[in-house]
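The values are calculated or read from the model by the stated rules, or taken from the named source; none is laboratory data. Keep in mind the model is a prediction, meaning the values are calculated, not measured. Positions of Cβ are backbone-derived with ideal geometry, glycine not excepted, and every protein chain shown enters the neighbour counts.
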Amino acid sequence: MWLGNVPRVRLAHLPTPVEELTRLRQEVERSPRLFIKRDDATGLAVGGNKARKLEFLVADALRQGACTLVTAGGPQSNHARMTAAAANRFGLNTVLVFDGEAGVPLQGNQLLDRLLGADMRFSSLPAPEALEEVARELRGQGRHPYVIPVGGSTGLGALGYALAMQELVEWGRDHETPIDHVVVASGSGGTQAGLEAVVWSQNLPSKIIGMSVSRAEAALAELVSAIATEAVRCVGLKREFSPADITVRDQYVGPGYAQVTPECLDAIELVAQTEGIILDPVYTGKAMAGLLGLIGEGFFEKEDNVIFIHTGGTPGLFAYADHFTG
Ligand SMILES: *Cc1c(COP(=O)(O)O)cnc(C)c1O
């Protein structure tokens with residue numbers, strides 16, 4: 001998949017490092033070889049997976065002559081925070097629409113949104129309608145909004161993770177380490193879709209496993225396949241991905257999106273205390289709980305190489321301090 005013709009700005013520190021999790025492996029019975037790709041270290045206002053997507057989305061916004069980025073998310077949205085940071089880098093304005101309430105005290109991502117100077121709104125409308133409402137308002141004022149759907153999960157945004165998969169392929173080649181499995185948190189689906197696009201286009205033997213943080217398996221597989229189809233179309237390829245091509249697990253979602261589970265809290269502490277790496281309670285903690293669960297099921301061979309993608313989310317952790325007391 002050749003990405004060189006697609007406009008892209010630079011926002012992230014790439015390639016992100018890959019580290020082996022040897023101490024975690026020693027703690028986990030029947031563990032395969034474990035590696036972590038540090039996409040929490042992309043930079044851009046504390047880092048995370050949205051930096052990669054925004055490289056393509058902001059380039060598209062600039063090409064269209066936009067003056068304002070408009071996006072939506074939950075009150076602790078990492079995507080909203082990184083969108084505001086990306087806008088600032090290019091002198092654009094940002095309107096963020098949250099589907100919750102203003103944080104009291106101002107903490108985590110919302111604190112950073114405020115520091116970044118974003119225009120923060122709160123709405124009870126479903127995100128697509130709330131975004132359209134803001135876009136209409138801005139156009140009425142003669143401004144030129146560029147609307148980014150929740151999570152930046154368009155075909156274009158997903159190309160950020162096509163690039164990440166290409167980095168992994170190169171890393172595997174340089175380190176003579178075949179990549180058997182990639183485990184990643186999957187929410188709005190664009191991250192997994194980008195990885196899948198390259199697995200297909202390069203005919204790789206690697207298997208991507210998306211750990212759902214919100215949706216049921218069938219709905220998530222449907223979403224990821226649709227975005228992957230759109231992603232390859234963005235580079236002039238044609239392939240209709242089907243939900244059957246996509247592997248997802250929903251056993252670690254717990255009560256719902258952004259609601260912590262005991263397994264997730266345990267996984268966060270285990271990784272912090274064995275590896276000194278900080279996961280988050282909304283995405284990467286649940287994805288790690290899922291990876292540990294799969295190891296427990298005997299899903300992997302001991303000699304398999306498994307890459308966990310740390311997609312970031314670090315600021316959100318601070319809004320969950322209460323769950324770690326005691
Ligand atoms: C958005 C996000 C994800 C999920 O990525 P999608 O492309 O929405 O599936 C995972 N981890 C973190 C920290 C995120 O902010």
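Screening segment 86-107 for residues that are small (Gly, Ala, Ser) and buried (at least 24 other Cβ atoms within 10 Å of the Cβ) and picking the one that is farthest from the chain's Cα centre (by Cα) gives 87. Taken across segment 136-158, residues that are touching a Phe, Trp or Tyr at 6+ places or on another chain (Cβ under 8 Å), within 16 Å of the ligand (Cβ to nearest atom) and closer than 30 Å to residue 3 by Cβ do occur, with at least one present. Evaluating residue 319 against the criteria (1) within 16 Å of the ligand (Cβ to nearest atom); (2) part of a loop (DSSP other than H, G, I, E, B); (3) at pLDDT below 95 leaves one unmet condition, (2). When the criteria are applied in full, residue 204 meets the requirement of being more than 13 Å from the ligand (Cβ to nearest atom), more than 17 Å from the chain's Cα centre (by Cα), under 30 Å from residue 8 (Cα atoms) and surrounded by fewer than 22 Cβ atoms within 10 Å (Cβ to Cβ). One residue stands out in segment 282-302 among those that are assigned to a helix (DSSP H, G or I) and of a type outside the set (Gly, Ala, Ser): the one that is nearest to the chain's Cα centre (by Cα), namely 284. The residue of segment 33-69 that is surrounded by the most Cβ atoms within 10 Å (Cβ to Cβ), among those that are closer than 15 Å to residue 145 by Cβ and β-branched (Val, Ile, Thr), is 58. Going by the structure shown, is residue 279 touching a strand residue (DSSP E or B) at 6+ places or on another chain (Cβ under 8 Å), free of Cβ contacts under 8 Å to residues at least 40 places away in the same chain and either within 15 Å of the ligand (Cβ to nearest atom) or part of a loop (DSSP other than H, G, I, E, B) (or both)? Against the criterion (touching a strand residue (DSSP E or B) at 6+ places or on another chain (Cβ under 8 Å), free of Cβ contacts under 8 Å to residues at least 40 places away in the same chain and either within 15 Å of the ligand (Cβ to nearest atom) or part of a loop (DSSP other than H, G, I, E, B) (or both)), residue 279 qualifies. For beta carbons closer than 7 Å, sequence separation of 6+ or different chains, a first residue in segment 10-30 that is closer than 16 Å to residue 300 by Cα and in contact (Cβ under 8 Å) with a residue 24 or more places away in the chain and a second that is in a loop (DSSP other than H, G, I, E, B) and of a type outside the set (S, T, N, Q), the qualifying pairs are 30/298; 30/302. Might you let me know whether segment 62-84 holds any residue that is of a type in the set (Ser, Thr, Tyr) and assigned to a loop (DSSP other than H, G, I, E, B)? Yes, segment 62-84 contains at least one residue that is of a type in the set (Ser, Thr, Tyr) and assigned to a loop (DSSP other than H, G, I, E, B). Number of residues in segment 303-316 that are more than 20 Å from the chain's Cα centre (by Cα) and part of a strand (DSSP E or B) equals 1. Checking the stated criteria, residue 220 turns out to be over 16 Å from residue 48 (Cβ atoms), within 13 Å of the ligand (Cβ to nearest atom) and part of a helix (DSSP H, G or I). Filtering segment 152-180 to residues that are part of a helix (DSSP H, G or I) and either modelled with pLDDT under 95 or in contact with a strand residue (DSSP E or B) (Cβ under 7 Å, 6 or more places away or on another chain) (or both) leaves 168, 171. When residue 83 is tested against the conditions (1) touching a Ser or Thr at 6+ places or on another chain (Cβ under 6 Å); (2) of a type in the set (Ser, Thr, Tyr); (3) more than 30 Å from residue 15 (Cα to Cα), the lone failure is (3). Of all residues in segment 25-50, those being farther than 18 Å from residue 155 by Cβ and part of a helix (DSSP H, G or I) number 6. Please indicate, with yes or no, whether at least one residue in segment 30-39 is farther than 30 Å from residue 181 by Cα, within 16 Å of the ligand (Cβ to nearest atom) and within 20 Å of the chain's Cα centre (by Cα). There is no residue in segment 30-39 that is farther than 30 Å from residue 181 by Cα, within 16 Å of the ligand (Cβ to nearest atom) and within 20 Å of the chain's Cα centre (by Cα).
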